[in-house]
1. Spot the failing condition for Val203; the list is (1) under 24 Å from Gly470 (Cβ atoms); (2) surrounded by fewer than 20 Cβ atoms within 10 Å (Cβ to Cβ), and only one is missed.
2. Among (1) part of a loop (DSSP other than H, G, I, E, B); (2) more than 16 Å from the ligand (Cβ to nearest atom), which single condition is Asp224 missing?
3. Counting only residues that are out of contact with any helix residue (DSSP H, G or I) (no Cβ under 9 Å at 6 or more places or on another chain) and farther than 19 Å from Pro398 by Cβ, how many does the range 310-348 have?
4. May I ask you to list the residues in the range 56-97 that are within 22 Å of Ile230 (Cα to Cα) and within 25 Å of the chain's Cα centre (by Cα)?
5. Looking at the range 385-393, is at least one residue part of a loop (DSSP other than H, G, I, E, B), more than 24 Å from Glu11 (Cα to Cα) and more than 15 Å from the ligand (Cβ to nearest atom)?
6. Looking only at residues that are β-branched (Val, Ile, Thr) and either within 16 Å of the ligand (Cβ to nearest atom) or surrounded by fewer than 22 Cβ atoms within 10 Å (Cβ to Cβ) (or both) in the range 244-272, which one is farthest from Gln118 (Cα to Cα)?
7. If only one of Val44, Val31 is under 28 Å from the mean Cα position of the chain (by Cα), crowded, with 17+ Cβ neighbours inside 10 Å, without any contact (Cβ under 8 Å) to a residue 40 or more places away in the chain and closer than 23 Å to Lys458 by Cβ, which one is it?
Amino acid sequence: MSYPYQIKTAEAYEAAYERSVKDPEGFWAEVASSFLWRKRWDSVLEWNFSDPDVKWFKGAKLNITANCIDRHLGTLGNKPAIIWEPNDPEEHHRLITYRDLYQKVNQFANVLKNNGVQKGDRVCIYMGMVPELAIAVLACARIGAIHSVIFGGFSAQSIADRLKDAHAQTVITCDGAFRGNKEIPLKNVIDDALVQCDFVNKVIVLTRTHTPVSMIKGRDVWWDDEIRKIETLGLHDCPAVEMDAEDPLFILYTSGSTGKPKGVVHTCGGYMVYATYSFVNVFQYQPGDVHFCTADIGWITGHSYIVYGPLCAGATTLMFEGVPTWPDAGRFWDIVDEYKVNILYTAPTAIRSLMGYGLGPVQAHDLSSLRVLGSVGEPINEEAWQWLHENIGKGKCPIVDTWWQTETGGIMISNMAGVTPAKPSYATLPLPGIQPILVDENGNEITGNDVSGNLCIKHPWPSMIRTTYGDHERCRTNYFATYPDLYFTGDGCYRDENGNYRITGRVDDVLNVSGHRIGTAEVENAINMHAGVIESAVVGYPHDIKGQGIYAFVIFTNTHGDENLSRQDIMQTVARIIGPIAKPDKIQFVSGLPKTRSGKIMRRILRKIAENEPGQIGDTSTLLDPAVVEEIINNRI
Ligand code: PRX
């Protein structure tokens, strides 16, 4: 496959960028013409940011799976689309060619249809990192059902909230999932969630761990049995349903500064174009490359750069079921060596945790196949960047530091591997079509270089969020109301003397823990569910491995007198309400919280205490009870 839109030199980047700003519609129409459409668009872009109402490729008809699979059959049919590496290195890996993928996606799409799933229906997918997860995602897309993948680290309560919000009547899950030395009982978690969701009428269960599960008559069916039914019916192909470019493709829930996760909606046409365009350009994908993105498909990174981007580009994408440190800390390097991985896309938190094991696990492996390294999810600290550069890239692999968000659908600011220069801890320059600006608190643009501000985007790009599912007003107030006519990212940012962007972290109440996005309000709500808790406040603090840790200040009525047990009880509550990923790292019991006279918690003060910088707290005279600050400082954990 060739990519006419692939940028190969710094000059070509400059030219593409300039054109994309001067003539965005012409620019994107040209990129989009490399894709397979059943009908061309009537207009390239119609938009306003005040509703917001953004339509890319209006009137165009397509199915993204025809782009991901069908179009490759003639040329790449026997090439691996997915290489699957199991959790346990002793178990056999699987190679799924484009032809196999076609057959499996068609088959499972027929299973969905046979179980009553129709275009526009929402399907919740809660599975481990098995190939059937990618197959389920693509099968939904094939019949126009809207998938909503939920990461395996979320609890039954979180799943129930999401199922209700999306009103998903079908769930696809596994009996269990393997992750390192753990076995996660996914179907059990689903069963707990479904106690609250009697509108779910079908659960399709894939066997993976052979964990005993309860199967409810009339509701729960086995994946394999359903496939057999399809075979008995003689159903093979499943025609790809014609979708409008602006029909929803998927919902992905993400945390914001309010207590309730939002269902970010992406649509078929624009998402396809941008996920693929950014994949090919940022990683400088070359036909034949093996691309290994270590994210989970439960997050946007997995959607865009394990499934849709690579497959649309006809790439070989490697899916790994396990964790970087099991059975030992050489697992990634083992995989790179075994499959001759060319592109490795991972997260700073994984790098930092592997750094702690020294160079032994790295040296035992041949990493010479690597050509490009990528980082995503949080700012990469210079030490981790250098470690990756020297010890993994052996000084010769460009590192792309890719800044983007669930809402942006694809990489927004990043260098392009080997094409535009890298700068450690900088995402560097916007991709063509992306127009970042920095604004001050009042929304005034901060021009020039060597400046800091809040990062906004001033022109639509094809894979941008269209709405928050079921609540468009929420989308408007969250992203488009802070600063009129701008999309507000929630991130703070510095622009250096050469115009390179460096993301400095969230300016709202959203934490980034091991690259997972968690709202402080969500964690507080969960803590407050504990019977003994009167009030709580949650802030982030710097954590060596996770990037940010969760620090909770809690006013508690101690009933059994054992503080440590109470801490564990609170952790358990958070794990139940949100999931283990949101458990606080530190819980400090306090007698009061610093509040203004109007009752607002002064998080700025708590943040400084959590960061162990009490000297920077500043003026506390406006507080209702300034003495409480002293007490909290003295008892800091
Ligand atoms: O704060 C930014 C941070 O992660 C946030 C988006 O989180 P999420 O929607 O979960 O998506 C993560 C994967 C795309 C951003 O608002 N972030 C992401 N990438 C970077 C980053 N911060 C700094 N540098 C990055 N490369």
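The values are calculated or read from the model by the stated rules, or taken from the named source; none is laboratory data. Remember, predicted model here, so these are calculated numbers, not experimental data. Using ideal geometry, Cβ is built from the backbone for each residue, glycine included, and neighbour counts are taken over all protein chains shown.
1. Exception for Val203: condition (2).
2. Going through (1) part of a loop (DSSP other than H, G, I, E, B); (2) more than 16 Å from the ligand (Cβ to nearest atom) one by one, Asp224 breaks only (1).
3. Result for the range 310-348: 7.
4. Thr65, Ala66, Ile69, Ile96
5. Filtering the range 385-393 for residues part of a loop (DSSP other than H, G, I, E, B) gives 393.
Next, from what is left, pick out any that are more than 24 Å from Glu11 (Cα to Cα): 393.
With the extra rule that they be more than 15 Å from the ligand (Cβ to nearest atom), the set shrinks to 393.
Looking for residues that are part of a loop (DSSP other than H, G, I, E, B), more than 24 Å from Glu11 (Cα to Cα) and more than 15 Å from the ligand (Cβ to nearest atom), one finds at least one in the range 385-393, hence yes.
6. So in the range 244-272, the residues β-branched (Val, Ile, Thr) come out as 251, 254, 258, 264-265, 267.
Add one more test, that the residue is either within 16 Å of the ligand (Cβ to nearest atom) or surrounded by fewer than 22 Cβ atoms within 10 Å (Cβ to Cβ) (or both), and what stays is 251, 254, 258, 264-265.
Values: Ile251: 16, Thr254: 25, Thr258: 32, Val264: 21, Val265: 18 Å.
Within the range 244-272, the match that is farthest from Gln118 (Cα to Cα) is Thr258.
7. So the residue among Val44, Val31 that is under 28 Å from the mean Cα position of the chain (by Cα), crowded, with 17+ Cβ neighbours inside 10 Å, without any contact (Cβ under 8 Å) to a residue 40 or more places away in the chain and closer than 23 Å to Lys458 by Cβ is Val44.
Let's see how each residue does on (1) in contact with a Cys (Cβ under 8 Å, 6 or more places away or on another chain); (2) more than 19 Å from Met129 (Cα to Cα); (3) of a type in the set (D, E, K, R):
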site: Asp165; (1), (2), (3): no, yes, yes
site: Thr170; (1), (2), (3): yes, yes, no
site: Ile190; (1), (2), (3): no, no, no
site: Val195; (1), (2), (3): no, yes, no
site: Asp198; (1), (2), (3): no, yes, yes
site: Val203; (1), (2), (3): no, no, no
site: Thr207; (1), (2), (3): yes, no, no
site: His210; (1), (2), (3): no, no, no
